[in-house]
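Just below is one structure, and these are the notes that go with it.
The values are calculated or read from the model by the stated rules, or taken from the named source; none is laboratory data. Keep in mind that what you see is a predicted model, and the values were worked out from it rather than measured. For neighbour counting, all protein chains shown are included, and Cβ atoms are generated from backbone atoms with ideal geometry for every residue, glycine included.
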Amino acid sequence: MAALLYKILGYDESVTTCDCCGKSELKGTFGVERADGEILHFGSVCVTRHTGKADKAIRQEAKDAIAQRLRAANAELRIHPAVLADEVKMAELRRTGAPVGKSFMEAHRAEWIAAEAARAEIAAKHGFKPYQLGS
């Protein structure tokens, strides 16, 4: 029954204190969502205790949850208007034979800046760093 009360959201090295027992200076914690929607961070001992699952199963669920969030973030990024506009501008430059290099970059700088802002926004929304997203 307890296993149904918590959904594993992933593993987070930036949160190093367990919300259950208060132990601090952990290498990281597992983000879990309770049935009521509250997000908590548990160390490895507390997460196994509360979910009733083996450590290996919890780690796999965390890995799967992160991969799912990454796929969702990348899908959102691919269809973002700023990213699409940058891709169109680059395709246009390639079609016209613009040489790759500094002039190529300058020719689509505004679109690139907007696409990178979109990347940063989407990454933050999904709990990633911008460099973790593909295109």
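Apart from one condition, Ala57 fits all of (1) surrounded by 12 or more Cβ atoms within 10 Å (Cβ to Cβ); (2) in contact with a helix residue (DSSP H, G or I) (Cβ under 8 Å, 6 or more places away or on another chain); the exception is (2). The set of residues in segment 41-86 being within 14 Å of Gly134 (Cα to Cα), in contact (Cβ under 8 Å) with a residue 24 or more places away in the chain and part of a helix (DSSP H, G or I) consists of Arg69, Leu70, Ala72, Ala73, Asn74, Glu76, Leu77, Arg78, Val83. Scanning segment 79-104 for residues that are basic (Lys, Arg) and either in contact with a helix residue (DSSP H, G or I) (Cβ under 8 Å, 6 or more places away or on another chain) or not assigned by TED's automatic domain parsing to the domain that holds Arg119 (or both) returns a single hit, Lys89.
Cβ-Cβ contacts under 7 Å between residues 6 or more apart (or on different chains), taken from a first residue in segment 106-135 that is free of Cβ contacts under 8 Å to residues at least 24 places away in the same chain to a second residue that is surrounded by fewer than 18 Cβ atoms within 10 Å (Cβ to Cβ) and not in a helix (DSSP H, G or I), are listed as Ala107/Ala98.
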